[in-house]
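Asker: Here's a structure for you.
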Amino acid sequence: MSYQSTFQRWNGTESYIADDGLIAAVNVAVALQRPLLVKGEPGTGKTLLAHAIADGLGLPLHTWHVKSTTRAQDGCWVYDAVARLQDSRFGDRDVRDVSQYIKLGPLGEAFSSEKRAVLLIDEIDKADIEFPNDLLHELDAMRFVITETGEEISAKHRPVVIISSNAEKELPDAFLRRCVFHYINFPNEDRLTQICRVHHPDVDDKLLAAALRRFMALRSVKHLRKKPTTSELVDWISGLRLAGIDPEKLSAALPFAGVLLKDESDAAKAKKAGAMESDDDSDDSDGNKGGSGTGWRGWR
Ligand SMILES: Nc1ncnc2c1ncn2[C@@H]1O[C@H](COP(=O)(O)OP(=O)(O)OP(=O)(O)O)[C@@H](O)[C@H]1O
Ligand SMILES: [Mg+2]
């Protein structure tokens, strides 16, 4: 008997650039029906991955944005006790029926979806250290009971669970044991080019090459507090295009540096390392001094 199972394979999408390692990790997680835990620097496409998987597999997506105050139960259901109290005092509703004050959270929605769904648990490391442990049971059993009503919600189809983390906190071993893990490496120049082309299909080749050169030089500056990310590069290229920046002049100046660098000490380090012109070095097209450079003076 063949051990190979048939399951719907994900092969990336036109708008999401995935390498072979990531595609394999997604498919093994789907085949094993295990959550896929993705880590990586900010802006490496962790959140977008869940959207791309839902797109590629043609499944609905439910997103659970985790915050520092999020509890595991919030993803299952929320009981609006305040609305019930208000109705009992001022409203004309029959408040004995508690179920009207229960709202399913994203996990509950994904479990009760008629169609198999993708569930993104985004930025799991933002929550309390107990949060992943509290989720273990629901993710294993694929069911939970709403305490207020006694109703059991069990998954009609096991959702494809994608969990993102920026590694702000370590996750418990028991939780890791149940996941497939993939680290999204920061893209190399070729992959960055592909990603930029997805977002700017008709960008001028020279502008793209010049922008990437400047971006890579900035990222290689040592000890930056916050390196510029892929999404900032995509935004920066939008700015360069909107302002009609001449690619030739990008070698002499770094317009809209604030789209890439978000810390004054990083700008100072970049200047010291020669990855960014000091304010006195760059001229604009009219010969004006002052770091404005290649014709974006009109954008002041
Ligand atoms: N592989 C990719 N294919 C296409 N676009 C990408 C890819 N990776 C990153 N991007 C671009 O970068 C942006 C940021 O991606 P996303 O928000 O998914 O990153 P993230 O890893 O979740 O970041 P954060 O940790 O800050 O939440 C996307 O909106 C997209 O423009
Ligand atoms: Mg994200």
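Here, each number is a calculation from the coordinates, and none is a lab measurement. All figures in this text were calculated on a predicted structure; none of them were measured in a lab. All Cβ positions, even for glycine, are placed from backbone atoms using ideal geometry, and neighbour counts span all protein chains on display.
Asker: Pairing the Cα long axis of helix 20-32 with the longest principal axis of the chain, what angle in degrees results, from 0 to 90 and rounded to the nearest 10?
Answerer: Orientation of helix 20-32: about 0 degrees from the principal axis.
Asker: A further question follows. Can you put 82, 30, 160 in order, fewest other beta carbons within 10 Å first?
Answerer: 82, 30, 160
Asker: For residue 222, put the label point 7 Å out on the Cα→Cβ axis and report which residues of segment 257-280 keep their amide N under 12 Å from it.
Answerer: 273
Asker: What order do you get for 253-263, 86-96 when each peptide is scored by the mean count of other beta carbon atoms within 10 Å, highest first?
Answerer: On the way: 253-263: 19.3, 86-96: 10.7.
Sorting 253-263, 86-96 by mean packing, highest first, produces 253-263, 86-96.
Asker: A further question follows. When 157, 200 are ordered from fewest to most other Cβ atoms inside 10 Å of their Cβ, what list results?
Answerer: The most exposed by this proxy come first: 157, 200.
Asker: Right, something else. Farthest toward the dipole's positive end in segment 119-215, which of 135, 187, 145, given Cβ charges of +1 (Lys, Arg) and -1 (Asp, Glu) about the Cα centre?
Answerer: 187
Asker: Once the Cα atoms of helix 189-199 and of the chain are each reduced to a long axis, what angle between those two axes, in degrees from 0 to 90 to the nearest 10, is obtained?
Answerer: Taking the Cα atoms of the chain, the angle to 189-199 is about 70 degrees.
Asker: Which value in nm describes the separation of the simple spin-label points at residue 9 and residue 141, placed 7 Å from the Cα toward the beta carbon?
Answerer: Label-label distance for residue 9 and residue 141, simple model: 3.7 nm.
Asker: Among 163, 146, which comes first, second and so on when ranked by fewest other beta-carbon atoms within 10 Å?
Answerer: 146, 163
Asker: Using the alpha-carbon centroid of each, what span in Å lies between segment 103-137 and segment 197-257?
Answerer: Centre-to-centre (Cα) distance: 37 Å.
Asker: Which value, in debye to the nearest 20, gives the size of the charge dipole of the chain about its Cα centre, when Lys and Arg are +1 and Asp and Glu are -1 at the Cβ?
Answerer: 380 debye
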